[in-house]
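Okay, so here's the structure we're looking at.
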Amino acid sequence: MASNSKHPETLVLHAGYRSDPATNAVAVPIYQTTSYQFRDTQHASNLFGLAELGNIYTRIMNPTNDVLEQRVAALEGGVAALGLGSGQAASLFAVQNICHAGDNFVASTDLYGGTWNLFANTMKSMGIECRFVDPADPENFRRATDAKTRCYYAETLPNPKLAVFPIGEVAAIGRSLGVPLIMDNTAAPVLCKPLDHGAAIVMHSTTKYIGGHGTSIGGILVDGGNFDWEAHKDRFPMLNTPDPSYHGAVWTQAVKPMGPIAYIIKARVTLLRDVGAAMSPFNAFMFIQGLETLPLRMRVHCDNANAVVKHLGSHPKITKVIHPNVMTGEARKRAEKYLSRGMGALLGFELEGGVEAGRKFIDSLKMFYHVANIGDARSLAIHPASTTHSQLTPEEQAQTGVTPGYVRLSIGLEHIDDILADLDQALAAV
Ligand code: PLP
C-alpha cells in the first residue's frame with residue numbers, strides 16, 4: 001500500500017525497498033562490493049545483452065544505489081533514475097546523453113556557476129554548443145532552437161536571483177518542437193515536481209538538500225519516461241539508430257519491454273560505463289538517510305526562511321530582500337504556480353553599505369557558517385561579490401544578480417530565535 005502512495009513523506013521511507021532479500025534487514029544495507037557472481041553463463045549473457053536487468057559491476061549499478069534511485073524517481077514522479085558521483089557529473093550526463101559534437105542545446109542564463117563553466121567551456125571544447133538565453137521570456141528558448149538543438153536546460157529556483165523558472169511554458173515550447181526540458185531541481189526538492197509541469201528529465205545535486213547534512217557529494221538523474229523519443233527520430237539519432245558502442249542496440253527498442261527508460265538506460269550502460277563517474281554505495285546510503293527526512297526538513301527550512309524574510313524586510317540597513325515570497329508580478333505568479341509546497345530556503349539581501357558592509361556582516365556572524373554551499377541542516381552565508389563572483393566585472397556581477405552588498409543565505413534548521421539573533425548581531429556590527 002505504501003508504495004502506491006503519492007505522498008512524498010511516505011515515498012521517501014518506503015518506495016523501492018521493504019527489507020533486504022538476503023537478511024531481512026530493514027535499513028538499506030551498504031553493498032560495498034565491486035562485482036556480483038553470475039548464476040551461470042546464460043545469466044551473464046542475459047545481463048550483458050539487457051535481456052534481463054541485474055547487477056554486473058558497481059561502476060554501472062549497485063543494490064544500495066538502486067534503492068536511492070528508485071526513491072528519488074518515485075519522489076519526482078519519474079520512471080527510473082541514475083545516481084552519479086556529483087551534481088556536476090549529473091549535469092554533464094543529462095546533456096551529453098543526447099547531445100554530441102556538432103549539436104547544440106539551449107540553457108537558461110540563471111545557472112549555478114559550476115554548471116555555467118561546464119556548459120560554456122568544457123562542453124564547448126567537446127564540440128557541443130550551449131546557447132544561453134534569458135528565461136524571463138520563455139519564447140527566447142524557441143528563438144534559439146534549430147534542427148541541431150537536442151534539449152533545454154534550466155534550474156527551478158536559481159540563486160542568486162531566485163526567480164522561479166517558467167517550467168510549464170518552456171516545456172510546452174519544447175514539446176511543440178520535439179525538444180525535451182531538463183530541470184535542475186537541486187534547490188527545490190519536494191517543493192516542486194518539474195515532471196508534473198512537462199519537464200522530461202530532472203537532475204539533483206544530492207550534495208545539497210537530499211543529503212541534507214553536508215557530508216557527501218553526489219548527483220542523480222531522473223527520467224520522466226514522458227518524452228516520445230521515437231516521434232522525433234531525426235532529432236535523436238542517438239536513441240533511434242544502432243549504437244556502435246553497445247553492439248548496435250537501438251535504445252528506444254532495446255529496453256521497450258521494461259518501460260519508457262531508453263534515455264536513462266543509455267546514460268547508465270554507455271556514459272557511466274565509459275566515464276565511470278559512479279556514486280559510491282556509502283554515499284548512496286548517506287543520501288537514503290537524508291531522503292527519509294527530506295519532506296520534514298524542507299518544511300522547517302521554508303518556515304524558517306519565511307520568518308527571516310519577514311524580519312529582514314523591515315531592517316534599516318537592508319535595502320532589498322530577495323526571496324520568491326516577496327516577489328511581485330510575473331515572478332510571484334511563477335513562484336506560486338511552481339513552488340506550491342513552499343518557497344524555498346535560499347534568500348538574498350542587499351546591504352546599503354556595499355562590499356565593505358557585506359564583508360563585515362559575514363565576518364561578524366557567529367552561528368551561520370561562511371561556506372560556498374547550500375542546503376545544509378545548518379544555516380550558511382556567503383558574500384558573492386568578494387568570493388564566488390569576485391572574478392567577474394561589476395557589470396557581469398550585475399547580470400547574474402549580484403550587487404556589491406548582496407549576501408546569500410541558506411537557512412537551516414536551527415531554532416528561529418537563534419537564527420534571527422545571529423543575523424541581528426551581525427547586522428549591528430555593519
Ligand atoms: N546544481 C546546483 C543548483 C548547485 O548548487 C550545485 C552545487 O553547488 C550543482 C548543481 C553541482 O553539484 P555538486 O557540487 O554536487 O557537483
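The values are calculated or read from the model by the stated rules, or taken from the named source; none is laboratory data. Please read these numbers as outputs of a predicted model, since none were measured by experiment. With ideal geometry, Cβ positions are generated from the backbone for all residues, glycine too; neighbour counts draw on all protein chains shown. Ligands, DNA and RNA are excluded from the accessible area calculation, which covers all protein heavy atoms including side chains. Shrake-Rupley method; radii C 1.70, N 1.55, O 1.52, S 1.80 Å.
Counted as qualifying within the stretch 46-133 are the helices (runs of 4 or more DSSP H) with 2 or more residues that are assigned by TED's automatic domain parsing to the domain that holds Leu195, open to solvent by 20 Å² or more (accessible area, probe 1.4 Å) and away from the ligand (no atom under 16 Å from the Cβ), namely 63-76. Checking each residue in the stretch 242-274 for being over 18 Å from Ala81 (Cα atoms) and touching a strand residue (DSSP E or B) at 6+ places or on another chain (Cβ under 8 Å) picks out Pro242, Asp243, Ala249, Val250. Screening the candidates Asp223, Asp196 for the property of being more than 14 Å from the ligand (Cβ to nearest atom), touching a strand residue (DSSP E or B) at 6+ places or on another chain (Cβ under 6 Å) and either modelled with pLDDT of 95 or more or within 19 Å of Arg71 (Cβ to Cβ) (or both) yields one hit, Asp223.
Among the candidates Ser364, Ser340, Ser314, the residue that is in contact (Cβ under 8 Å) with a residue 40 or more places away in the chain and open to solvent by 90 Å² or more (accessible area, probe 1.4 Å) is uniquely Ser340. Residues of the stretch 170-229 that are open to solvent by 10 Å² or more (accessible area, probe 1.4 Å) and either basic (Lys, Arg) or assigned to a strand (DSSP E or B) (or both): Arg175, Asp184, Lys193, Ser205, Lys208. If the condition is being polar (S, T, N, Q) and open to solvent by less than 50 Å² (accessible area, probe 1.4 Å), then the stretch 1-32 contributes Ser5, Thr10, Ser19.
In the stretch 248-268, how many are farther than 15 Å from Ile98 by Cβ and in contact (Cβ under 8 Å) with a residue 40 or more places away in the chain? Final tally of qualifying residues: 5. Note on the stretch 367-383: among residues that are touching a residue at least 24 places away in the same chain (Cβ under 8 Å) and open to solvent by 30 Å² or more (accessible area, probe 1.4 Å), the one that is nearest to Cys192 (Cα to Cα) is Asn373. From the list Glu350, Glu356, exactly one residue is assigned by TED's automatic domain parsing to the domain that holds Leu413 and open to solvent by 50 Å² or more (accessible area, probe 1.4 Å). Which is it? Testing whether each residue is assigned by TED's automatic domain parsing to the domain that holds Leu413 and open to solvent by 50 Å² or more (accessible area, probe 1.4 Å) leaves just Glu356. Suppose the filter is of a type in the set (Ser, Thr, Tyr) and more than 16 Å from the ligand (Cβ to nearest atom); does Tyr263 pass it? Answer is yes for this residue. Among the residues of the stretch 127-173, those identified as under 15 Å from Ile98 (Cβ atoms) and out of contact with any Pro (no Cβ under 6 Å at 6 or more places or on another chain) are Gly127, Ile128, Glu129, Cys130, Thr145, Ala147, Lys148, Thr149, Arg150, Tyr152, Tyr153. The helices (runs of 4 or more DSSP H) found entirely in the stretch 244-296 that carry 1 or more residues being open to solvent by 20 Å² or more (accessible area, probe 1.4 Å) are 251-254, 281-292.
Looking at the stretch 134-155, can you tell me whether even one residue there is in a helix (DSSP H, G or I), within 16 Å of the ligand (Cβ to nearest atom), in contact with a helix residue (DSSP H, G or I) (Cβ under 6 Å, 6 or more places away or on another chain) and under 30 Å from Cys302 (Cβ atoms)? Checked against the condition, which is being in a helix (DSSP H, G or I), within 16 Å of the ligand (Cβ to nearest atom), in contact with a helix residue (DSSP H, G or I) (Cβ under 6 Å, 6 or more places away or on another chain) and under 30 Å from Cys302 (Cβ atoms), the stretch 134-155 yields no hits at all.
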